[in-house]
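Student: Sharing a structure with you now.
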Amino acid sequence: MNSFEMKDLGHHELLGELDPDRTLFFCCASFEERSTKLPIALADHPWTQVSVFFNSDVDGGDANSAKILEAMGGCASVQKTSVGSPLETADRFYDVIEEAEVVGSKLVVDFSTFTHEHLLILVKCLETAGVNLEEIVWIYCRVEEYSVGERAEHKWLSRGVFDIRSVLGYSGRISPELPTALLLLVGFEAERACGVVDCLEPHFLLLGKGTSANSESEEMHLVNRHFHKLIRDSVRTMPNDRIRDFEFPCNDPATVARMVTRFAEMINGVGNLVVVPMNTKISTLGIAWAFCNFPVFQVVYAQAYIYNYKSYSKPSDRCYLMRGLFAGADSAPTSIRPSFETQRSRSETDLEKVFALA
């Protein structure tokens, strides 16, 4: 079993980190310039097959996919996915995994600009197809600034909420007879987050914000705290003793996985846990890792109406490389998973007692 390893590298160092026999590559071409950075940095690697996914129902991805194709040459192909159709996207992922013969091969995934939902679905498709998740190398282009040039109170990444849905493959074990705790990893999108809270009307709310030490910069940390406060202020109708704030390291998927698993273990049997990833894609991988360990909670995604196409992000010249992600995912605990027959005897009072310990 591999142990988890994470490196902070310059883009120019990335090529030297990959073994020459690791020849399959998945990436996503989005409207962000950032989506082209790592594929172009790795263009000289001896790839045998490169799959460039892009959302045909979101502007900008086609232009950046063309840049990646030009850099990669004949080994690359474009794979169309859809923000509005998770099933269509899952089918495309499964087709590519089969066509590329990923099972038993060595895969690199640049997950920088997949949507949170698509990243989670990709992990589930790879797992279901029999790919050893621990053997995948995951890479991520870091960000220098979001909503480039705007003051903290004016920064925005998306506007409006088009749909709120359970992520395909992450429905968990949800009982309508049990009270619900909502765990939300806050990012820079208060409107989407508040839309989820209003829609789900949870009995309890866990609001996570990134730690200062693990943020990309102190400025980003302060922006994250600003949006956390906006969301906190918007739920003042909820009793204060039913809201908990917590901090998490947004660039450490292993710790996020342990934290979410702990919350799930505490709440399991006395309530439903719904998790909403809205911080970094790295923390979203942590949620996927937690689900592999303990698949009783539900993951929910809020689809935005529109994105900040013009100034969504400014890419950094640094990146993360991760090996051994999902290590130990097969050793999921089973002894503390009660049946729904046992759960029916639980009440909101039971979840209150657990929540007091969170």
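The values are calculated or read from the model by the stated rules, or taken from the named source; none is laboratory data. Fair warning: this is a prediction, and the values are worked out from it, not measured in the lab. Cβ coordinates were reconstructed from backbone atoms using ideal geometry, including for glycine residues, and neighbour counts include every protein chain displayed.
Student: Just give me the residues in the range 79-112 being outside any loop (DSSP other than H, G, I, E, B), surrounded by 16 or more Cβ atoms within 10 Å (Cβ to Cβ) and either of a type in the set (D, E) or in contact with a Phe, Trp or Tyr (Cβ under 6 Å, 6 or more places away or on another chain) (or both), in sequence order.
Tutor: Within the range 79-112, Q79, T81, V108, V109, D110 qualify.
Student: Oh, and also: So is E145 closer than 30 Å to G10 by Cβ and either assigned to a strand (DSSP E or B) or under 18 Å from the mean Cα position of the chain (by Cα) (or both) or not?
Tutor: Working: closer than 30 Å to G10 by Cβ: yes; either assigned to a strand (DSSP E or B) or under 18 Å from the mean Cα position of the chain (by Cα) (or both): yes.
So E145 fits the description; yes.
Student: While we're on this one: For the range 15-33, state whether one or more residues are out of contact with any strand residue (DSSP E or B) (no Cβ under 8 Å at 6 or more places or on another chain), in a helix (DSSP H, G or I) and surrounded by 15 or more Cβ atoms within 10 Å (Cβ to Cβ).
Tutor: Residues of the range 15-33 out of contact with any strand residue (DSSP E or B) (no Cβ under 8 Å at 6 or more places or on another chain): 15-16, 19-21.
When the remaining residues are screened for being in a helix (DSSP H, G or I), the result is 15-16.
Filter once more, so that each one left must be surrounded by 15 or more Cβ atoms within 10 Å (Cβ to Cβ): none.
No.
Student: Please go through (1) more than 24 Å from the chain's Cα centre (by Cα); (2) without any contact (Cβ under 8 Å) to a residue 24 or more places away in the chain for L15 and return the number of the only condition it doesn't satisfy.
Tutor: Against the list (1) more than 24 Å from the chain's Cα centre (by Cα); (2) without any contact (Cβ under 8 Å) to a residue 24 or more places away in the chain, L15 comes up short only on (2).
Student: Quick one: which residue in D21, D57 is more than 21 Å from Q79 (Cβ to Cβ) and outside the structural domain of V256 (by TED's automatic domain parsing)? It would help to see each step written out before you state the result.
Tutor: Working: D57 fails: more than 21 Å from Q79 (Cβ to Cβ).
Going through D21, D57 in turn, just one is more than 21 Å from Q79 (Cβ to Cβ) and outside the structural domain of V256 (by TED's automatic domain parsing): D21.
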